[in-house]
Every structure is written in C-alpha cells, then in structure tokens.
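The structure appears below as structure tokens.
The values are calculated or read from the model by the stated rules, or taken from the named source; none is laboratory data. The structure displayed is predicted, hence computed values, not measured ones. Cβ sites come from the backbone with ideal geometry, for glycine too, and all protein chains shown count toward neighbours. Accessible surface is based on the protein model in full, side chains and every heavy atom, while ligands, DNA and RNA are left aside. Shrake-Rupley method; radii C 1.70, N 1.55, O 1.52, S 1.80 Å.
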Amino acid sequence: MILGNLMELRSRNVKPISKTVLWIGYLAVFFIFLVGCNRSDSAESWRDFAEPDTDLSLPTGLAVDSVGNVYVFDSGSHRVLKFDPAGALLRQWGGEGPAEGQFNCYEDKGTICGLAVDGQDNVYVVDKGNYRIQKFDADGNFLLSWGSQGTGDGQFVRPIYVAVDAQGHVFVTDDRNPVVQKFDADGVFLGKWGSQGAAAGQFYHATGIAVDSEGNVYISDYENQNIQKFDNNGRFLLTWKTGTNARTGTPEAIAIDANDRIYVTDSELKQVEIFDQNGETLQTIALPGLGLLNRISPYGIAVDLSGNLLVTDRANNRIVQYAVPVWTEITE
C-alpha cells in the first residue's frame with residue numbers, strides 16, 4: 001500500500017516527488033518490515049528487572065543467592081551490584097583498581113567478568129584484568145583472593161566465568177588458556193583439564209560454566225559452538241551443538257535450575273536455549289530487543305527462586321527478567 005502510493009506519486013507529472021523523499025519512504029517501509037520480522041513473540045513476558053534509575057554499564061555476570069537476592073557484575077564500572085528479588089538495589093561495591101575489593105574488568109566492549117554464589121552466600125568474582133578470583137561475603141566484605149598472570153596452576157590469562165558446586169569447589173574458565181581449573185573454597189588449586197582444539201574435552205574459547213546437582217560441570221565454547229559436559233574431576237561425558245534451525249549461534253553463559261535444566265544465552269541468535277542433562281532441547285526463548293533493529297546483547301544468565309529467568313543485556317545496559325515461570329509453558 002505504502003509502496004504503491006509512492007510509485008503513483010512518482011508517476012504523476014503535476015507535482016514530481018524528489019528522489020530523497022522517495023528513498024526515505026522506501027527506507028521507512030524497510031525498517032517497519034525489519035522490526036516486524038525481528039519482534040520477539042515472548043516480549044510481553046519480559047520486563048526490566050532493576051529499578052529505572054539504576055545506572056548500569058555493560059552488565060555481564062549474574063548469580064542468585066539462597067534467599068533470592070540477585071548479584072550482577074557491571075563491567076563498565078567495575079562494580080558488583082546486589083538487588084533484592086524485586087529489583088531494588090541493596091548495595092554495591094568495587095571500583096577500578098588492583099587493591100582488595102577493586103576490579104579491572106573493562107578492556108573493550110567485548111569484556112565479560114562472571115560471578116557465582118556458594119551455599120553460604122559468599123560471592124566469587126572474576127577479576128579478569130587483575131588475573132585473579134576475589135571472594136566476598138554477602139555484604140561485599142572482602143574475604144580473600146587468588147591468582148596471577150600466566151598459564152601455570154592457579155594462574156590466569158583471560159578468566160571469564162566462575163561456578164561453585166554444592167561442596168564449595170570453584171571452577172574457572174579462561175578463554176585464552178584452554179583449560180578449566182578447579183579450586184577449593186580457599187583458592188587452593190585442585191586440578192585442571194582441557195587443551196586447545198575441537199575434539200572431546202578440548203576448547204578454543206571456553207566461556208560459560210555451571211554445575212548441576214550431581215556435580216557435573218557444563219562448559220560453553222563460543223568458537224566451537226558447543227556445550228561439553230564433564231564429571232566433577234574433568235572426565236569428558238558428552239557434547240552437543242547449540243542453536244536452532246541449522247544455525248549454531250554463539251553460546252555464552254550457562255545457568256542450571258533446581259531441576260537440573262540447563263539454560264544457555266546465545267549472543268548471536270539473541271535467545272535462550274534450554275536443554276536437559278543429555279543435551280536434548282526443551283525450549284528456545286526469543287529475547288526482546290530495543291529500537292528499530294531489535295538490538296540486544298545477552299550474556300549473563302541466572303534462574304531465580306521462583307524459576308524466572310534473568311539475563312544481562314549488555315547492548316542496552318539492563319537486566320531483563322522473564323516474569324512468568326518458563327515451565328508453565330512447557331508440556332513434558
């Protein structure tokens with residue numbers, strides 16, 4: 001209809017339309033079409049989690065504690081922010097620097113720094129630029145740190161994400177040193193596994209990591225575009241590709257819910273993919289973007305105590321929450 005009117009105006013000799021105006025019309029139609037194609041069918045189920053006046057800058061890592069409080073690492077400001085379950089900001093700590101309780105995360109717009117919470121609600125934060133892991137209590141009081149630059153045991157080149165199992169073991173991925181390292185709760189090195197490559201048990205860029213209730217460790221690799229599953233000591237169990245409709249996408253962070261369902265953010269396909277422990281797809285959820293191009297950059301992910309999803313959107317400096325429990329929509 002719009003194109004027809006434009007062409008009709010163009011063909012009239014009485015009042016010719018300028019080429020500039022005509023191209024503006026064409027572009028308007030194109031953008032309307034583009035927005036319609038990229039609209040998320042589940043967008044009405046998502047909402048912004050944090051209060052409107054919360055100042056976020058490149059949020060990445062996400063975690064939830066035993067009472068439902070939400071922790072996010074804000075990479076652009078080198079801070080940890082703690083929210084209550086409704087999204088009200090409770091406290092924050094950090095700042096840029098090398099001292100205890102400070103962080104150095106922001107290298108570029110591709111920077112990711114993860115965090116995790118253990119069974120005692122202690123918070124473990126990847127301090128990438130300082131090549132260490134820092135541990136805090138739930139109020140942000142510094143407890144300890146470990147790590148240095150290098151490829152030796154207990155050293156890091158570019159640590160990305162961290163996970164903690166039920167026994168307090170801490171696992172760290174490093175996307176420029178293709179190994180996963182395992183520590184105790186005090187940072188004592190316990191072991192590592194992996195090497196560079198695309199075979200079983202190998203990594204090119206290990207990123208997201210999470211542990212299920214049985215102690216199995218799941219790791220995403222955005223270059224190999226897969227998820228690998230290991231036992232608690234690094235023995236390879238299985239692998240599967242991510243993505244949908246023959247598009248493999250780019251897997252990033254991983255979260256696991258109370259029923260051991262596995263959630264993976266895909267920054268390329270702009271969605272969350274949900275799997276069982278054997279890598280079988282349960283559901284794929286489109287993420288809601290902003291603006292004419294439906295822009296969104298999903299990275300960190302967590303599942304709250306009500307089963308709702310939380311995802312950090314780095315492109316729009318926000319945290320989004322899937323407000324209705326996902327599993328009310330699935331028939332198993």
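List of remarks:
- Candidates per trypsin sites (Lys or Arg not before Pro) in region 153-262, loop by DSSP, up to 16 other Cβ within 10 Å: 176, 235
- For the pair residue 323 and residue 293, label points projected 7 Å from Cα toward Cβ lie 2.8 nm apart.
- Cα centroid separation, region 148-175 to region 187-201: 10 Å.
- Residue-normalised accessible area of region 222-306, given per residue in Å² at a 1.4 Å probe: 43
- Backbone amide hydrogens, once placed in the peptide plane, bring residue 237 within less than 5 Å of 229, 230, 231, excluding anything fewer than 5 places away on its chain.
- Those GluC sites (Glu not before Pro) in region 255-291 that DSSP places in a loop and that have at most 14 other beta carbons within 10 Å: 280
- Heavy atoms of residue 66: accessible area, 1.4 Å probe, square angstrom to 10: 70
- Shape class for region 141-183, computed from the alpha carbon gyration tensor (a ≥ b ≥ c): oblate, with a/c not under 1.5 and a/b at or below b/c.
- The heavy atoms of residue 213 offer some 90 square angstrom of accessible surface to a 1.4 angstrom probe.
- Loop sites in region 43-135: GluC sites (Glu not before Pro), DSSP, at most 14 other Cβ within 10 Å: 100, 107
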